[in-house]
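Asker: My questions all concern the structure below.
The values are calculated or read from the model by the stated rules, or taken from the named source; none is laboratory data. Computed from a prediction, not measured in an experiment: that's the story for all the values here. No Cβ is skipped: glycine too gets one built from the backbone with ideal geometry, and neighbour counts run over all protein chains shown.
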Amino acid sequence: SSPDSDGCTPELEKAGLLNKTKIAEGGRKLRKNWSPSWVVLVGNSLVFFKDPKSQTPSSWKPGNSRPESSVDLRGAQLHWANDLSSKKNVFKLRTVTGNEFLLQSETDSLIKEWYSTIQNVIDRLDRE
Ligand code: I3P
């Protein structure tokens, strides 16, 4: 049987490094501030961690694995958004609460995988 045969632990769908900026909070526009983020898709949430590579040796403490923020994908909307940035391979994720994030990768295949994996989770939640 699988390690989670009781179904109580949310399934890890995907994890990796993407560039991230939040562009709106509760519908209010924010100033862009791109930074690398370790992104984890688990259960119904997208969870953001600080990029380990951007941290100093002294910042390696156990408590450091605490997420920066997380996004509930239920009712969220996903759109390619190359018009919203000078960077390539950008998509926008909008939550029901009006928070908006841009996510980006220089690697075409990688960003396409993230887009379809997140969209699959949103679609699954829409059907529930
Ligand atoms: C922003 C910064 C962003 C850029 C944004 C600039 O300037 O250069 O990287 O977004 O463009 O305003 P600042 O650092 O002074 O805030 P992209 O890299 O996504 O293009 P924008 O205003 O056209 O969104």
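Asker: Please give the number of the condition ASP108 fails out of (1) away from the ligand (no atom under 15 Å from the Cβ); (2) within 23 Å of GLY26 (Cβ to Cβ).
Answerer: (2)
Asker: Can you list residue pairs whose Cβ atoms sit under 7 Å apart, with the first residue in the stretch 70-96 being on the phi > 0 side of the Ramachandran plot and the second being β-branched (Val, Ile, Thr)? Count only pairs 6 or more apart in sequence or on different chains.
Answerer: Sorted first by the residue in the stretch 70-96, then by its partner, the pairs are GLY75/VAL96; ASN89/ILE111.
Asker: Any idea which of ASN82, ASN89 is surrounded by fewer than 16 Cβ atoms within 10 Å (Cβ to Cβ), within 12 Å of the ligand (Cβ to nearest atom) and either over 14 Å from the mean Cα position of the chain (by Cα) or under 19 Å from VAL42 (Cα atoms) (or both)?
Answerer: After applying the criteria, what remains is ASN82.
Asker: Please work out if LYS87 is modelled with pLDDT of 95 or more, more than 19 Å from PRO10 (Cβ to Cβ) and in contact with a Leu (Cβ under 8 Å, 6 or more places away or on another chain).
Answerer: no
Asker: A further question follows. For residues in the stretch 12-28 being touching a strand residue (DSSP E or B) at 6+ places or on another chain (Cβ under 7 Å) and either surrounded by fewer than 12 Cβ atoms within 10 Å (Cβ to Cβ) or acidic (Asp, Glu) (or both), which is modelled with the lowest pLDDT?
Answerer: Result: LEU12.
Asker: What is the one condition in (1) touching a Ser or Thr at 6+ places or on another chain (Cβ under 8 Å); (2) at pLDDT below 95 that GLN104 does not satisfy?
Answerer: (2)
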